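A short worksheet on the structure shown next.
Values in this text are rule-based calculations from the coordinates and carry no lab data. Quick caveat: nothing in here was measured; it's all calculated off a predicted structure. Neighbour counts are summed over all protein chains in view; Cβ atoms, including those assigned to glycine, are modelled from backbone coordinates with ideal geometry.
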Amino acid sequence: MKKYYLILFLLIFTVKTFAQFSIEQVLSAPFPTELKASPIGNKVAWVFNQQGSRNIFTAESPDFKPIKITNYEGDNGQEINSLTFTPDGNSIVFIRGGANNSAGEIPNPIQLQEGVERAIFIIGADGKNLRKLVNGTYPKISPKGETLAYLSGNQIFTIRLDSAKSVGKKLFQSRGSQNSLSWSPDGSQIVFVSSRGDHSFVGVCEVATKTIKFLDASVDGDIDPVWSPDGKSLAFLRKPFSKDALIFGPERESNPWSIRIVNVQTGKGREVWKAKLGRGSAFFENGLVSENRLFWTDDNNLLFGYEGDGWHHLYNISANGGEAKLLTPNDGEVEYAALSVDKKSIIYNANIGDIDRRHIWQISPSGGVAKQITRGQGIEWSPVQTSNGQIFCLHSDARTPARPCIIQADGKMKDFTSEMISNDFPSSQLVQPQAVTLTATDGMKIPAQLFLPKNHKVGDKHPAAIFFHGGSRRQMLLGFNYSDYYHKAYAMNQYLASQGYVVLAVNYRSGIGYGLEFREALNYGATGASEYNDVVGAGLFLKNREDVDGSKIGLWGGSYGGYLTALGLAKASDLFAVGVDIHGVHDWNTTTKNFIPSYDASKRIEWAKIAYQSSPMNFVNTWKSPVLLIHGDDDRNVPFNESVILAEALRKNNVYFEQLVFPDEVHGFLLHKNWVNAYKASAEFFDKFLKK
């Protein structure tokens, strides 16, 4: 009898372990964002997107049991962000609703007939007393918690939080588009940035009198203002204007950016630091993921990100000036960063020492040796610290999706939301991707991750799929990604591997994580499409493997990844049998104008010529392989017209294509069902051509 039960157990275990899972299952886990710590007590809040239903959760010591404090239901595409605790920790302010497009329309992918709005709400941390405050964005609570400043129509308004009958009032009127609001430590003033197109000013408004003044104004772009601890001065970053600046091309150096300090009372400014010529002279916009990219500590140090050694690191400098000091040496880059509650340390994540993952570190703003807090096979990001010094973060690994955790004294992570991941989630059936390096056709070494089917056997010939991330300022990791978009893409790569595909996720040149020169690759994107060398190199890498059927290699990716998919199919249909192009770029001149409305190809003839020569549309006459086009027609990043024009050209050339269009959907699909349907269609399309 015991032998019978043992055999039955082993049979059940084997079936469970090797049973195939569905796309619905691998996309079922909730994804956390907006992790925030209360300024008082040991309490955190975050947003969980549970298959399209987005809600705010809190957890508090001692048991940290997750409590859902909002009750929004349904896969309706309404985002929640900008979580902010009130100073007493008793309430949370947040925004619900997406940003408007150029026509002023707020995303409404399920066509809610009652309409949608982008509004600011407040709710008790216990889930009681939810109320709408006002339509607006960028909420900033005053230090004492009685007033909220926010943006509406590019102007600054305020509203009282201590009265349910209060209405928003415009603080002042100014030309330009106001942003980057921040209250002074005593709550008497608000600093802001007024963007004026080719320049921007740092301004200060005296709240009581509603008087404004612009500080240390120049012809350049002043951004990221931060108050001194005593509220008497402001520091900000200054970026020199460049009339030739475009996008999607390398910028390894420029007129150097600088840090300035201005006396608020006198308006007199001074330069305290300036980037050196050469590496790091061009400001890296996507360097630090932080509310502000400049920190002013209580010991009078300024902290900032800089690439002087070719890697994005943290540096400090005294507010009195002097040489900048490197805080985070060695190969690897700092990404998420936050100043501790007591302003005595900075907590950050980096891939230093583990290039294809992220771990949490901590260092004193005055310098010293950085302490690595987490390590191992996981990925950690969004560190926050409560008032008692407890550090929290979001984390994932190769088989377990993202979730919040407490970082314990020994560096181990304690989950407190694991029960929210369904028992149907196929963790045990996922594979550990391998870090590999491929050689591009121009000889450049390109990092990638290889997913082998779980039933992989020597001698078997598998179809293959190559994935390209978007951005291009992104990096795929050896586990579930910290971005919701690429968290899902990683899950899709796992699904394809479970279906018998050998999958390769390529971290092509112009992506982040590998230093300035890799990111600012020569002739990349619209200036020459040098990443095409990586696309072909990836194809040859798989074709030369004994476990891959070289006639059955497909490409897939979204946005910039859709661009590389289309480019590969257009230029190398003999190598790539099929592709899935999700909201891809097909003509750089079209997408450049979408990001820079003033761009006029007729005035940039040589640049525009190279941009078109770097586009899939230039090679559409040699495109032979079938393709699936997927796009939402309210895309604010890549115009829907990119797919419309490509479809016309493919028809003229008798290229087989299928299409999946999501009406009123944006770039990063807001509806969970659209992700499921997009990935199901992608898998079926691959199977149709690669498994016949």
Notebook entry, point to check: Given a Förster distance of 41 angstrom, what is the FRET efficiency for Lys652 paired with Gln434, based on the Cβ-Cβ distance and rounded to 0.05?
Noted result: 0.45
Next item on the list: Using only Cα atoms, find the angle between the long axis of helix 484-498 and the longest principal axis of the chain, and express it within 0 to 90 degrees, rounded to the nearest 10.
Entry: 20 degrees
Notebook entry, point to check: For Lys274 and Gln20, FRET efficiency with R0 = 45 Å and r from the beta-carbon atoms, rounded to 0.05?
Noted result: 0.20
Check: Stretched out fully, how many nm does the piece from Asp299 to Lys680 gain, at 0.36 nm a residue minus the Cα gap?
Finding: 131.7 nm
Notebook entry, point to check: At a Förster radius of 30 Å, what calculated FRET efficiency corresponds to the Cβ-Cβ distance of Gln372 and Ser418, to the nearest 0.05?
Noted result: 0.80
Notebook entry, point to check: Three principal axis extents, largest first, for the C-alpha atoms of region 479-622, in Å?
Noted result: 50, 36, 27
Item checked: the chain, helix-only ellipticity at 222 nm - DSSP H runs n ≥ 4, -39,500 (n - 2.57), divided by all residues, nearest 500 -> -5000 deg cm²/dmol
Item checked: Under 5 Å, built H, 5+ apart or other chain: amide partners of Ser281 -> Ser254
Item checked: Long-range HN-HN contacts of Asn135 with modeled amide H, under 5 Å -> Ile120
Next item on the list: State, in angstrom, two size descriptors of the chain derived from its alpha carbons: Rg to one decimal place and Dmax to the nearest whole number.
Entry: 25.6, 90
Note to self: Give me the three principal axis extents of region 63-112 from the C-alpha atoms, as integers in angstrom, largest value leading.
What the structure shows: 44, 25, 13
Next item on the list: List the residues of region 399-426 whose backbone N lies under 19 Å from a point placed 7 Å from the Cα of Lys673 along the Cα-to-Cβ direction.
Entry: none
Margin query: Through the Karplus equation 6.51 cos²θ - 1.76 cosθ + 1.60, θ set to phi - 60°, convert the phi angles of region 417-434 into ³J(HN,Hα) values in whole Hz; use x for Gly and Pro.
Written below: 10, 4, 5, 7, 8, 4, 4, 7, 5, x, 3, 5, 9, 7, 9, 8, x, 9
Next item on the list: Any chance you could run the full-extension gain for Arg175 through Lys445? It's 0.36 nm times the residue separation minus the Cα-Cα distance, nm to one decimal.
Entry: 92.3 nm
Note to self: What does the C-alpha gyration tensor say about the overall shape of region 407-523? Classify as rounded when a/c is under 1.5, otherwise prolate if a/b is larger than b/c, or oblate.
What the structure shows: oblate
Checklist line | Relative packing of peptides 360-370, 164-174 - highest average C-beta neighbours within 10 Å first | finding: 360-370, 164-174
Notebook entry, point to check: Over what distance in Å are the Cα centres of region 201-245 and region 289-345 separated?
Noted result: 20 Å
Next item on the list: In Å³ and rounded to a whole number, note down the convex hull volume per residue for the Cα atoms of region 430-690.
Entry: 119 Å³
Next item on the list: Taking H placed 1.01 Å from N in the peptide plane, check which residues at least 5 places from Gly632 or on another chain put their amide H under 5 Å from its amide H.
Entry: Phe662
Next item on the list: Would you kindly state how much longer the chain becomes between Ser551 and Ala409 on full extension, computed as 0.36 nm times their sequence separation minus their alpha carbon distance, in nm to one decimal?
Entry: 45.9 nm
Next item on the list: Please report the orientation-averaged projected area of region 563-692, defined via the convex hull of its C-alpha atoms, in nm².
Entry: 8.2 nm²
Notebook entry, point to check: How far is it, in nm, from the label point at Ser188 to the one at Asn263 when both lie 7 Å from their Cα along the line to the Cβ?
Noted result: 1.6 nm
Next item on the list: Which order do the peptides 32-38, 116-122 take when ranked by the mean count of other beta-carbon atoms within 10 Å per residue, highest first?
Entry: 32-38, 116-122
Note to self: Given N residues in region 31-171, what is its alpha carbon radius of gyration divided by 2.2 N^0.38 Å?
What the structure shows: 1.05
